[in-house]
Amino acid sequence: MSFRSTRMQGKVAVVTGGASGIGRACALRLAEEGALGVVVADLHLDQARATADEIAAAGGNASAFAVDVRDAQACEDMARHAVDRWGQLDVLVAAAGISGERAAADEEHDGTGAGLSFSSRTWQDVLDVNLNGLMHTDRAVARWMITVGSGGSIVNIASMCSAWASATATPYNVSKAGAWMLTKSLAIELAPHGIRVNAVGPGFIGDTGMTAHTRADEQAAAAVVDRTLLGRFGRPREVADAVLFLAGDESSYFTGSILYPDGGFNAPSR
Ligand code: NAI
């Protein structure tokens, strides 16, 4: 018996949004488990490189890749990079995302919103990254997995907002509900190819760019902590652990599923 971490041994993974927060934690976690290669893909190449360098410095295998997931061709290039650089492609963690949280202050409202607090522009931006971008990413990687023919595992980072709405983040909530439906639909389409498709729907996670505003607002942060049964924000690594499970062979009977690491945020009926 060996106690070395090998849950990702022999597997090559692409992680979008790998420069920061949850994506970064996922890239590190997969590498830590012996991945043959991790492609850290992000809009911000310098920060993606920093994650890849951190992995390499710890003895892991990683490359950085600049991608804007809104660009379908760039996603195809990203998948090709994984195969060119590491020889195969087994796992996708799709974590790139934006919150559109400035929506409430958005002054570009085009006057047709009937009291809604977001503009058409914010709606478009959030859907472009979180839903269209996710589709581009999943599709590009799935194509390679189908071509190679050895199956694979796709993990989409959705949100607890995939199922539970909040008043102030309508574009985000809709994008994440779409991410969850995309997950289930692709699970059906890709099962004949041995490709499993699952999602992780985190609650409020600290140490990420996305919750910086909430955490900086004392009242808002206290409200989150108060409602969360475990009494704190989650850690990116706690999400990465759920992702690791779905990415690897331990979840071999999971597809079209979602795991919610939310600290019990949604256990109470309200
Ligand atoms: P983050 O802001 O720290 O990381 C998001 C990453 O996505 C950044 O590195 C950013 O550069 C990248 N990105 C944004 N637009 C991109 C694009 N067009 N192309 C490529 N990369 C792009 O935020 P966090 O929290 O780590 O978010 C990761 C995922 O987790 C997102 O999908 C988010 O919606 C989801 N999530 C986060 C929660 C939280 O509490 N932090 C809760 C539930 C879901």
Practice item. Residues in the stretch 30-54, backbone N under 20 Å from the label point at SER257 (7 Å along the Cα-to-beta-carbon vector): list them, ranges by number please. Key: 30
Review point. What is the magnitude of the charge dipole of the stretch 12-261 about its Cα centre, with +1 placed on the Cβ of each Lys and Arg, -1 on the Cβ of each Asp and Glu, and no other charges, expressed in debye to the nearest 20?
Key: 480
Check your understanding: Rounded, prolate or oblate: which one fits the stretch 200-239, using the alpha carbon gyration tensor with axes a ≥ b ≥ c (rounded when a/c is under 1.5, else prolate when a/b beats b/c, else oblate)?
Key -> oblate
Revision key, fill the gap. Footprinting proxy, SER162, SER63: sorted fewest to most Cβ within 10 Å, the residues are SER63, SER162
Exercise for review: Please work out whether the stretch 231-270 counts as rounded, prolate or oblate from its C-alpha gyration tensor, where a ≥ b ≥ c are the square roots of the eigenvalues and a/c under 1.5 means rounded, while otherwise a/b larger than b/c means prolate and anything else oblate?
Suggested key: oblate
Review point. Using the 10 angstrom Cβ neighbour count as an exposure proxy, how do THR168, THR211 rank, fewest first?
Key: THR168, THR211
Review point. Based on the alpha-carbon gyration tensor of the stretch 110-258 and its eigenvalue square roots a ≥ b ≥ c, which shape applies: rounded if a/c is under 1.5, prolate if not and a/b is larger than b/c, or oblate?
Key: oblate
Check your understanding: How much net charge surrounds LEU186 when only the other residues with a Cβ under 9 Å from the Cβ of LEU186 are counted, with Lys and Arg +1 and Asp and Glu -1?
Key -> 0
Check your understanding: Label points 7 Å out from Cα along the Cβ direction at ASP53 and ILE188: separation in nm?
Key -> 4.7
Study note, to complete from the structure: Summing -39500 (n - 2.57) over every DSSP H run of at least 4 residues in the chain and dividing by its residue count gives a helix-only mean residue ellipticity at 222 nm, to the nearest 500 deg cm²/dmol, of -13000 deg cm²/dmol
Check your understanding: For the chain, how big is Rg over Rh, using alpha carbon atoms and the Kirkwood form of Rh?
Key -> 0.97
Check your understanding: Given a cut-off of under 8 Å on Cα pairs at least six residues apart, what relative contact order in percent is computed for the chain?
Key -> 18
Exercise for review: Set the Förster radius R0 to 30 Å, insert the Cβ-Cβ distance between SER166 and SER120 as r into 1/(1 + (r/R0)^6), and round the FRET efficiency to 0.05.
Suggested key: 0.90
Check your understanding: In nm, to one decimal, how far is the modelled label at ASP68 from the one at LEU45, with both set 7 Å along Cα→Cβ?
Key -> 1.4
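Any read-out appearing in this document is the output of simple, stated calculations on the displayed coordinates, not a laboratory observation. Nothing here was measured: the structure is a model prediction, and the numbers come from that model. We place every Cβ from the backbone using ideal geometry, glycine too, and count neighbours over all the protein chains shown.
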